[in-house]
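The structure under discussion appears below in the form of C-alpha cells.
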Amino acid sequence: MIVVQEADFDTGALQSALRERCAGAAGALVTFTGYVRDFSSDDATQTLTLEHYPGMCERELEDIARQACERWRVVDYVIVHRVGVLPRNAQIVFVAAASAHRGDAFHACEYIMDALKTRAPFWKRETLASGRSFWVEQKQSDTDRTRSWDGHPSKEAS
C-alpha cells in the first residue's frame with residue numbers, strides 16, 4: 001500500500017491493517033515513523049512544507065517497494081507520506097515491512113526509508129520562528145546511505 005496525502009495518519013491502524021493482511025504469513029513486522037523536527041538550534045523550525053510531483057512520486061515509491069520485495073522476502077508493506085504544511089513534531093512518513101523473519105523486515109524497512117529520502121520527488125521548505133524560509137537540500141550522508149545498499153546481501157545471500 002502506498003499513499004501520499006495531506007491528512008495525518010494513525011500508525012496503530014496502519015500497522016494493524018498490515019498485520020491482518022499478512023495473517024499467518026508474517027512473523028515479523030517492522031515500522032518506522034518520521035516526524036518534523038527542529039533542524040536549527042538558533043531559530044526554531046515552525047513548519048516544514050512538503051511538495052511532491054503527483055503520479056511520478058507514487059511510481060517511484062512503487063519502484064522502491066518493488067526493489068525491496070525483490071531483495072528480501074517481504075510479504076507486504078506500507079508507505080504513507082504526507083505533503084502540505086506540517087508543524088514541528090507532526091508525523092511525516094510511515095514505512096512498514098512484513099516478512100516471515102525479522103532480518104528481512106528490518107532490512108526492507110530501512111532500505112525503503114533510505115531510498116525514499118533520496119529518490120522520491122519530494123521537496124521540503126523549512127520555515128523558522130523568525131520567518132526565514134528556505135528549501136532543504138539533500139544531505140550527502142543520505143545519498144551515501146542509499147548507495148551503501150548496492151552491495152548489501154539480499155534474500156539470495158541470506
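Descriptive notes on the structure:
- The requirement of being surrounded by 15 or more Cβ atoms within 10 Å (Cβ to Cβ) and not in a helix (DSSP H, G or I) is not satisfied by ALA17.
- Taken over region 41-83, the criterion of being more than 13 Å from the chain's Cα centre (by Cα) and of a type in the set (Gly, Ala, Ser) is satisfied by SER41, ALA44, GLY55.
- If the condition is being at pLDDT below 75 and either in a helix (DSSP H, G or I) or surrounded by 11 or more Cβ atoms within 10 Å (Cβ to Cβ) (or both), then region 147-158 contributes SER148, GLY151, HIS152, PRO153, SER154, LYS155, SER158.
- Test set (1) exposed (fewer than 14 other Cβ atoms within 10 Å of the Cβ); (2) within 14 Å of the chain's Cα centre (by Cα); (3) within 13 Å of ALA120 (Cβ to Cβ) - TYR35 fails condition number: (3)
- Hits in region 20-36 - residues which are in contact with a strand residue (DSSP E or B) (Cβ under 7 Å, 6 or more places away or on another chain) and part of a loop (DSSP other than H, G, I, E, B): CYS22, ALA25, ALA26, VAL36
- Here ALA7 fulfils each of the conditions (1) in contact with a helix residue (DSSP H, G or I) (Cβ under 6 Å, 6 or more places away or on another chain); (2) open to solvent by 30 Å² or more (accessible area, probe 1.4 Å) apart from (1).
- Residue within region 69-85 that is among the hydrophobic types (A, V, I, L, M, F, W, C) and under 14 Å from VAL36 (Cα atoms) present: yes
The values are calculated or read from the model by the stated rules, or taken from the named source; none is laboratory data. Please read all numbers here as calculations on a predicted model, not as lab measurements. Neighbour counts run over all protein chains shown; Cβ positions are idealised from the backbone, glycine included. For the accessible areas, the whole protein counts, side chains as well, though only heavy atoms, and no ligand, DNA or RNA atoms are used. Shrake-Rupley method; radii C 1.70, N 1.55, O 1.52, S 1.80 Å.
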